[in-house]
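To start, the structure under review is shown below, and the notes come after it.
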Amino acid sequence: MSLLASIPSPSSGTIDLGPFTIHMYGLMLLLAIAACCALTGYRWVKWGGDWDLVFRVAVWGVAFGIVGARLYHDVTSWNEVPDHWWGPFAVWQGGLGVWGGLAQGIGRIGNWFNQELFGKPTDLPWGLEIDPQHRPPGYFDHATFHPTFLYELTYDLIGVAILLWIDRRFNIRRPALFALYVSYYCFGRFFEELLRVDPAHEFFGLRLNAWVSIVVFVLSTAFFIWWQFIRTPSNDDRPRATRTIVPTGPAMSVPKGRVRSGR
């Protein structure tokens, strides 16, 4: 069957600018982090907070996020870790195991440049063209595959829009909105894992990440229901942030005078 259309893949995951080589995967992650900081900063300033706090939190969040992503990869893909003392730290050999987030959606564009983490063969008009050297064993006779990077990018961005709408429309107790986001992402990630054909450990017929999606979905959904509808708020709960009420924190986190009143 001839294809009506398809999505081409870049021939290389890098761009050479004179003596410098830009890795598109890393560039996409940087753009994704910038987008997250911009959205968070916009919402925080709208509530009367200060941009500086967002930047300082982002520094620690990104650093620990990279460590956690590498640790997750080492634990779930132990056979891909180089057999050297520095193997667990070699992010350039095996990469990171990142879960969720607006940054996850944008960062998936980096997988497109690297021709990796695609799905099963398909003859749909939006099938992704994969060069022979990037196809896994058993799929050399297929030219186009499900663009799972595009699926994840799409439902991640839709999820951002839905969560922002829910947060504006309903009185969601913190951190129940985060739990709802975790549930949303794990729900979509489960079906994505059913499509992917890259090597992965399997248990009882399901990829390891599919099992992780199920477990985390159940836990986060149960927490959301309990926290939002069952638990009785205590006097120690912080108020919902608004343009006139901004949660206070330790002096080292929110220096005196750095939180502005609502505008």
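Could you check the range 119-144 and list, in sequence order, the residues that are outside any loop (DSSP other than H, G, I, E, B) and either open to solvent by less than 60 Å² (accessible area, probe 1.4 Å) or touching a residue at least 12 places away in the same chain (Cβ under 8 Å) (or both)?
Step one: list which residues in the range 119-144 are outside any loop (DSSP other than H, G, I, E, B), which gives 119, 121, 128-129, 132-134, 144.
GLY119, PRO121, LEU128, GLU129, HIS134, THR144 - these are the residues of the range 119-144 that are outside any loop (DSSP other than H, G, I, E, B) and either open to solvent by less than 60 Å² (accessible area, probe 1.4 Å) or touching a residue at least 12 places away in the same chain (Cβ under 8 Å) (or both).
Pull out all pairs, ordered by first then second residue, where Cβ-Cβ is under 7 Å, the residues are six or more apart or on different chains, the first lies in the range 146-172 and is open to solvent by 70 Å² or more (accessible area, probe 1.4 Å), and the second is among the basic types (Lys, Arg).
Pairs that qualify, where the first residue is open to solvent by 70 Å² or more (accessible area, probe 1.4 Å) and the partner is among the basic types (Lys, Arg), are ASN171/ARG240.
Any residue that is out of contact with any strand residue (DSSP E or B) (no Cβ under 9 Å at 6 or more places or on another chain), of a type in the set (A, V, I, L, M) and in a loop (DSSP other than H, G, I, E, B) - is there at least one of those in the range 159-174? Full working, then the answer.
Keep residues of the range 159-174 that are out of contact with any strand residue (DSSP E or B) (no Cβ under 9 Å at 6 or more places or on another chain), which gives 159-174.
From what is left, the residues that are of a type in the set (A, V, I, L, M) are 160-164, 166, 172.
So of that shortlist, the ones also in a loop (DSSP other than H, G, I, E, B) come out as 172.
Within the range 159-174, one or more residues are out of contact with any strand residue (DSSP E or B) (no Cβ under 9 Å at 6 or more places or on another chain), of a type in the set (A, V, I, L, M) and in a loop (DSSP other than H, G, I, E, B).
Scan the range 32-50 for residues that are hydrophobic (A, V, I, L, M, F, W, C) and loosely packed, with under 14 Cβ neighbours inside 10 Å and jot them down. It would help to see each step written out before you state the result.
Going residue by residue through the range 32-50, those that are hydrophobic (A, V, I, L, M, F, W, C) are 32-39, 44-45, 47.
Those that are hydrophobic (A, V, I, L, M, F, W, C) and loosely packed, with under 14 Cβ neighbours inside 10 Å: ALA34, ALA38.
Hey, among the residues in the range 211-229 that are touching a residue at least 12 places away in the same chain (Cβ under 8 Å) and of a type outside the set (S, T, N, Q), which one's surrounded by the most Cβ atoms within 10 Å (Cβ to Cβ)? Full working, then the answer.
So in the range 211-229, the residues touching a residue at least 12 places away in the same chain (Cβ under 8 Å) come out as 212-214, 216-217, 220-221, 223-224, 227-228.
With the extra rule that they be of a type outside the set (S, T, N, Q), the set shrinks to 212, 214, 216-217, 223-224, 227.
Numbers: VAL212: 19, ILE214: 16, VAL216: 18, PHE217: 19, PHE223: 18, PHE224: 21, TRP227: 17.
The selected residue is PHE224.
I'm trying to understand the selection: among the residues of the range 1-22, which are under 27 Å from PRO121 (Cα atoms) and within 24 Å of the chain's Cα centre (by Cα)? Explain how you work it out, then say what you get.
Going through the range 1-22, the residues under 27 Å from PRO121 (Cα atoms) turn out to be 1-14.
Residues satisfying the conditions are ILE7, PRO8, SER9, PRO10, SER12, GLY13, THR14.
Which residue out of PRO136, PRO147, PRO125 is in contact with a Gly (Cβ under 8 Å, 6 or more places away or on another chain) and of a type outside the set (A, V, I, L, M, F, W, C)? Lay out the reasoning, then the answer.
Working: PRO136 fails: in contact with a Gly (Cβ under 8 Å, 6 or more places away or on another chain); PRO125 fails: in contact with a Gly (Cβ under 8 Å, 6 or more places away or on another chain).
That would be PRO147, the only listed residue that is in contact with a Gly (Cβ under 8 Å, 6 or more places away or on another chain) and of a type outside the set (A, V, I, L, M, F, W, C).
What are the pairs, 6+ residues apart or on separate chains, where a residue within the range 13-24 that is closer than 27 Å to LEU117 by Cα has its Cβ under 7 Å from a residue that is open to solvent by 80 Å² or more (accessible area, probe 1.4 Å)?
Note: pairs meeting the criteria are GLY13/HIS23; THR14/HIS23.
So LEU195 passes all but one of these: (1) surrounded by 19 or more Cβ atoms within 10 Å (Cβ to Cβ); (2) touching a Gly at 6+ places or on another chain (Cβ under 7 Å). Which condition number does it fail?
So LEU195 meets the others, but not (1).
The values are calculated or read from the model by the stated rules, or taken from the named source; none is laboratory data. Keep in mind that this is a model prediction, so the values were computed, not measured. For neighbour counting, all protein chains shown are included, and Cβ atoms are generated from backbone atoms with ideal geometry for every residue, glycine included. In case anyone asks, the SASA skips ligands and DNA or RNA and just uses the protein heavy atoms, side chains included. Shrake-Rupley method; radii C 1.70, N 1.55, O 1.52, S 1.80 Å.
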